[in-house]
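For reference, the structure discussed in these notes is given below.
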Amino acid sequence: MPGKIKAMIEAIVAERSQGSITLISTTRTKLLLKGINISSFTDTSPDDPAVITKLKEIAKELGVTSV
Amino acid sequence: MKIKSAYSTQQTVRDAVEDLRQQLAATQPSMILYFASSKFAPEPLSEAMQGAFAGATVFGCTTAGEIAAGKMLKNSIVAMAFTRAAVKNLTLALVEQVNVKTGLKERIGQALDSLAKNSGVPVAALDPHRFVGMILIDGLSLAEENVMECIGDLTNVTFIGGSAGDDLKFSSTHVFANGKAYTNAALLVMLEPAVPFGFIKTQSFKSLGKKLLATEVNEAARTVLQFNGKPAASAYAEAVGVPVATASERFMKNPIGLMLDDEPYVRSPQRIDDSKMVFYCNIKKGMELSVLESTDIINDTRAVVEAKKKEMGGISGIINFHCILRTLDLESHGLLDAYGRLFADIPTVGFSTYGEEYIGHINQTATMLVLGE
């Protein structure tokens, strides 16, 4: 199902930021610096298994449990 | 006065520290932050600074140039005194052996836990609108990315700071705390300001819209072997439109950066090594970077400081972590005095760094902690 990567990114940002605008920006920056080019993923992006695996690892590092 | 900055160009530890003590002691500071040229012997300096301000928490690091209100200095010591009306509470923790990756996250976690202890909540739950973190780290450790990533994993508090310098000798840098000097270490500070606070991150670059995808890297060595499937140096040279032989001449004007909503997070090339490119910051495999082009540091900095002043309704102090590459660029264009004058009316302290910290590790940037009134 295309778009899974964008959904995972949004879930990580949502759980870590708890709705804080400041933390949304900070968390997006953290993802960028961890190597996720977050702007390039859309609802129709293919589900690249390597990126999905990387996002699962990042979620674990950030203490995010919903991904 | 909540915050006061001072500098000394006295040439011995004893004279410089006494000069600073005379300028700052009357404010009865609870915290002294200082940045010192590496010309001063680190251990005696740290011991003397702690002794001169015995009632305060005293910390700092070595530099590649110092910044005071209205001044860009060399071979000096700059210091900022904070009263409890500026910073209510602060705690320090030291992480040593930062270049040892094994157990680093656990050690940073322990340090952060100790910083949060007095607040009564775990570090993961600390309010980033109430607390701000500062980091001063050995600028030759190659550990900044790992340390900042660990911190970012464990807390939502924003950490800002700089990599210590040694006046471009690239021999040894130090952080100062507890009257001692440490190398291969990171000093983490948790501040609870009594005044509003904010951040400035300014880098004076625009994207040229040309992309370089890191397809083969040696992340630990901050080296890119290939961009876009080609030898890194060739791909970079092609992107900036020059032969490989002269590509290094474009490093200052055309670094590369990760882009987020038009905001670059700069990665500065250091040198070409055969066909590889070595950077001042790591680049991970799969990262997509944009080729950047420099804009006007003086005008850009003036604009962001004025905007922050308006947003915060006034500024009582700025701590400026300013990339040495920006300092060298300004110096080569005869603009150091003009840059210093941008901060003439604001208590300011800062230094020319070997890397800037703000959420992560970045290059060719000025990161500033701004304290309101």
With no solvent and one point on each alpha carbon, what is the Debye value of log10 I(q)/I(0) for chain B at q = 0.06, 0.11 Å⁻¹?
-0.21, -0.72
Percent of C-alpha pairs per 5 Å bin, segment B:215-294, short to long:
3, 18, 30, 30, 15, 4, 0
Cβ-based exposure ranking for B:His361, B:His322, B:His333, in which fewest neighbours within 10 Å come first
B:His333, B:His361, B:His322
With contacts defined as alpha carbon pairs under 8 Å and 6 or more residues apart, what's the relative contact order of segment B:1-92 in percent?
42 percent
Just rank B:Arg302, B:Arg326, B:Arg14, B:Arg107, fewest to most, by other beta-carbon atoms within 10 angstrom.
B:Arg14, B:Arg302, B:Arg107, B:Arg326
Qualifying lysines (Cα of each under 17 Å from Cα of B:Lys206; at least 8 residues distant if same chain):
B:Lys253
Using only the Cα atoms, what convex hull volume per residue in Å³ does segment A:4-61 have?
72 Å³
Please give the calculated 222 nm ellipticity per residue for chain A, where each DSSP H segment of at least 4 residues contributes -39500 (n - 2.57) and the sum is spread over every residue; nearest 500 deg cm²/dmol?
-19000 deg cm²/dmol
Going fewest to most other Cβ atoms within 10 Å around each Cβ, B:Ser352, B:Ser332 line up as B:Ser332, B:Ser352
Compute the projected area of the convex hull of the Cα atoms of the protein assembly as shown, averaged over all viewing directions, and report it in nm² to one decimal place.
20.0 nm²
Relative contact order computed over chain B (Cα-Cα under 8 Å; 6+ residues apart), in percent:
22 percent
PRE reach from B:Lys74 (point 7 Å along Cα→Cβ): which of segment B:31-59 fall under 15 Å by backbone N?
B:37-40
Exceeding the 21 Å Cα-Cα cut-off - candidates A:Lys34/B:Lys230; A:Lys34/A:Lys56; B:Lys39/B:Lys201; A:Lys54/B:Lys285
A:Lys34/B:Lys230; B:Lys39/B:Lys201
Histogram of C-alpha separations across segment B:268-333, 5 Å bin width, %
3, 10, 16, 20, 15, 15, 11, 6, 3, 1, 0
Within-15-Å neighbourhood charge of B:Phe343 [Cβ basis; K, R +1; D, E -1]:
+2
How charged is the neighbourhood of B:Pro243? Take every other residue with its Cβ under 12 Å from the Cβ of B:Pro243, and add Lys/Arg as +1 and Asp/Glu as -1.
-1
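Just for the protein assembly as shown, what percent of DSSP beta bridges are antiparallel, to the closest 5?
Just about 80 percent of them are antiparallel.
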Using +1 on the beta carbon of Lys and Arg, -1 on that of Asp and Glu, and nothing else charged, what's the dipole of segment B:215-294 about the Cα centre, debye to 20?
260 debye
Give me the number: length gained by fully extending B:Val244 to B:Ala85, i.e. 0.36 nm times residue separation minus the C-alpha to C-alpha distance, one decimal in nm.
51.7 nm
Mind checking the dipole of the protein assembly as shown: about its Cα centre, +1 per Lys or Arg Cβ, -1 per Asp or Glu Cβ, Debye to the nearest 20?
280 debye
Mean residue ellipticity (222 nm) of chain B, computed from DSSP H runs ≥ 4 via -39,500 (n - 2.57), nearest 500:
-7000 deg cm²/dmol
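Computed from the coordinates by the stated procedures, all read-outs in this text should not be read as laboratory data. Values in this document were obtained by computation on a predicted structure and should not be read as measured data. Cβ atoms come from the backbone with ideal geometry, glycine included; neighbour counts cover every protein chain shown.
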